[in-house]
Amino acid sequence: MTARPTRVEVSVDPVRCAAHGLCAVILEGHVSLDEWGFPVVDGTPLETARLARRARRAARACPRRALLLKSEPVTGTATTVSS
Amino acid sequence: MTAAYETAPGRSAIGRVGDDNGVLLAGPVDGWADLATHRTRWTGRRPAPGRLVDLIETGGLCGRGGGQFPFARKLRTLLDQPAHRRTAAPVVVNASESEPASRKDHTLLTRRPHLVLDGAALVAAEAGVGEVVLHLHDGADEAVRVLRAAIGERHAAGLDDPVWRLSLGPARYVAGEASAVLSFVEGGPALPRWSPEPAAVSGLWGLPTLISNAETMAQLAAMVELGPQEWRDAGPGPWSGPLLLTLAGCVTQPGDVVEVVGPATVGRVLAEAGGLHEPPAAVLVGGYAGTWLPGPVAWRLPLDRTGLASAGASIGCGLLAVLPADACGLAETARLVGWLAGEGAGQCGPCALGLPRLGTTFDALAGGAGRVVPELHRLAASVDGRGACRHPDGVARLARSALQTFAADLRRHRWGRTCEHAGRAPLLPLPADHR
């Protein structure tokens, strides 16, 4: 499958967030939880298709719909990605 | 920086309401400048359509509500939005001034209302917007009275004005934040909102909205009248524009509003306008969520962006709160942190949970628990940037700058002992219903 590479940035709406913590489980390594259970996004962009899928899954899983995704196409040549 | 001082015009002064030293504050000493008086100094002329943004960019006007956002960029963003959308939402003038010790906006609104109204009218005209909302806090009775009278004069004179609407919101600290004002004007609670887009893209009801501080509007009117070059040169160094400040703490007249024209240091303002003869122990610069600086450092600091930034501070909402040698900076800070913690919206977990903890921990430090200093640093870092608005960021800044500036006092606040001044009556004012 050939896909145009995209970079996904994840951010948390701090008003909606209620510390359910699912984002930290699904995006382990990219989102951690503070002492009160609220997410800290480490800021590294998610640049693989697999990570992009995980990010979308995390956004859907959040009971408060507090995880927002921003996708930007990364300019450059398309790469072959296995799903 | 030195070059800018050399090229500034010879005038360099500190003005008050009614004397001729100021630019914005010049005019009648008593009461407010009615339309006829106002028009003897300010013609209210407007630039040619389409020219305003370039003019503002040349002058370098930055928002005076605390954020210092470049106004040209804000207006340009708004004007880039589709016309049918950006003309659908009113311009909002944020005249809430929730900062407890700040009085510069109150002074402009109650003494020079037509400057604010001229500025708002001209930006509304440029944006093609037919309505301006003037948002104030409940209890700002004098400002409401003067604004109503001033608007009445403008109607009677048949000025080419937008429709003026007065909005009164709850007098809470966080209710003065821009997105909280928008939320309230929409009919919702006066609580900040989180948005990935600035208000100029998506504000009231998702429409592009220009919301700015009342002083920013007055400065805009002044800049259009004087021309960007003269307006910019009237500021302290590379600052841009005359600077309105409120003095607080141990000055001769706490609550005094002064206007700095031309280059000046903090020390010069405190000496000439505050009655100080020597550097104080410390100065809180920018607001209660601002930066503590040691007195001798603040004293020499030029009141321009570069100078303040070099000391890690920013002008914020123009507050200079002076701490004398016989007060305890840690105790004062603990009280401010406690109050600020209670003024949060309670919407964002890290802020709602972290600030009260920061408050009680700072209380412990003020009471002699020196060992909590690392915990204070940790808490400040854990709340910084974690909310929908910059409230927790400001409290973190206040706490960190206090720990740095009052480092010598930390050595005395240990093992249950405090410095000899910790028990004195608090100096910095908080709203009357606070303990």
Placing one identical point scatterer on every Cα of region B:318-360 and ignoring solvent, what is log10 I(q)/I(0) from the Debye formula at q = 0.19, 0.20, 0.21, 0.25 Å⁻¹?
-0.64, -0.68, -0.71, -0.84
Whole-Hz Karplus ³J(HN,Hα) for region B:183-194, in order, using 6.51 cos²θ - 1.76 cosθ + 1.60 and θ = phi - 60°, x for Gly and Pro?
4, 5, 4, 6, x, x, x, 7, 10, x, 10, 9
Would you please calculate the Kirkwood hydrodynamic radius of region B:1-121 over all C-alpha pairs and express it in Å, rounded to one decimal?
16.9
For region B:309-435, evaluate the Debye formula with one uniform point scatterer on each Cα (no solvent term) and list log10 I(q)/I(0) at q = 0.13, 0.14, 0.21, 0.22 Å⁻¹, rounded to two decimals.
-0.51, -0.60, -1.32, -1.41
Cα convex hull of region B:198-247: how many Å³ per residue?
115
MRE, 222 nm, helices only [DSSP H, n ≥ 4, -39500 (n - 2.57), over the protein assembly as shown, to nearest 500]:
-11000 deg cm²/dmol
Total accessible surface hidden between B and A, rounded to 100 Å², 1.4 Å probe
1100
Take every Cα pair under 8 Å in region B:268-345 that's 6+ residues apart, average their separations, divide by the length, and report that relative contact order as a whole percent.
31
Between B:Ala408 and B:Ala36, 0.36 nm times their residue separation minus their Cα-Cα distance comes to what?
128.4 nm
List the residues whose amide H sits under 5 Å from the amide H of B:Asn213, counting only those 5 or more places along or on another chain, with H placed 1.01 Å from N in the peptide plane.
B:Arg64, B:Gly65, B:Asn94
Listed residues B:Gly329, B:Gly176, B:Gly188, most fluctuating in chain B (Gaussian network, C-alpha, under 10 Å):
B:Gly188
How many angstrom lie between the C-alpha centres of region B:44-93 and region B:236-294?
29
On a 1.4 Å probe surface of the protein chains, which of B:Arg414, B:Arg45, B:Arg148 comes out largest in accessible area, and what is the full order?
B:Arg148, B:Arg45, B:Arg414
Cα principal axis extents for region B:96-156, largest first, Å:
35, 24, 18
Largest first and to the nearest Å, give the Cα extent of region B:390-435 along each principal axis.
32, 25, 16
Taking the convex hull of the alpha-carbon atoms of region B:207-300 and averaging its shadow over every direction gives an area in square nanometres of 7.5
Which angle between 0 and 90 degrees, to the nearest 10, do you get for helix B:113-127 versus the longest principal axis of chain B when only C-alpha atoms count?
70
Amide H contacts under 5 Å for A:Thr6, placed H, 5+ residues apart
A:Val74
Note on region B:359-419: C-alpha Rg/Rh, Kirkwood Rh, two decimals, gives 1.02
Unit Cα scatterers, Debye sum, the protein assembly as shown: log10 I(q)/I(0) for q = 0.10 Å⁻¹
-0.85
Kirkwood-type radius of chain B, with distances r between different C-alpha atoms, in Å:
22.1
Measure nothing fancy, just the Cα-based angle from helix B:391-405's long axis to the longest principal axis of chain B, in degrees from 0 to 90, nearest 10.
50
If amide H atoms are built 1.01 Å from N in the plane of the peptide, which residues on other chains or at least 5 residues away come under 5 Å of the amide H of B:Leu134?
B:Val93, B:Arg165, B:Leu166, B:Ser167
The percentage of the accessible area of chain B (probe 1.4 Å, all protein chains present) made up of carbon and sulfur atoms, to the nearest whole number, is 52
Given Cβ point charges of +1 (Lys, Arg) and -1 (Asp, Glu) and nothing else, what value in debye, to the nearest 20, does the dipole of the protein assembly as shown about its Cα centre take?
1640
What average number of partner chain Cβ atoms lie no more than 10 Å from the Cβ of the residues making up B:382-388?
3
Would you jot down the residues in region A:6-40 that end up with at least 50 Å² less accessible area in the complete protein assembly than in the chain alone, with a 1.4 Å probe?
A:Pro14, A:Val15, A:Glu35, A:Trp36, A:Phe38
Alpha-carbon Rg/Rh ratio, for region B:61-171, with Rh computed the Kirkwood way:
0.96
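The values are calculated or read from the model by the stated rules, or taken from the named source; none is laboratory data. Computed from a predicted structure; not experimentally measured. For neighbour counting, all protein chains shown are included, and Cβ atoms are generated from backbone atoms with ideal geometry for every residue, glycine included. Note: accessible area is taken over every heavy atom of the protein model, side chains too, but ligands, DNA and RNA are not part of it. Shrake-Rupley method; radii C 1.70, N 1.55, O 1.52, S 1.80 Å.
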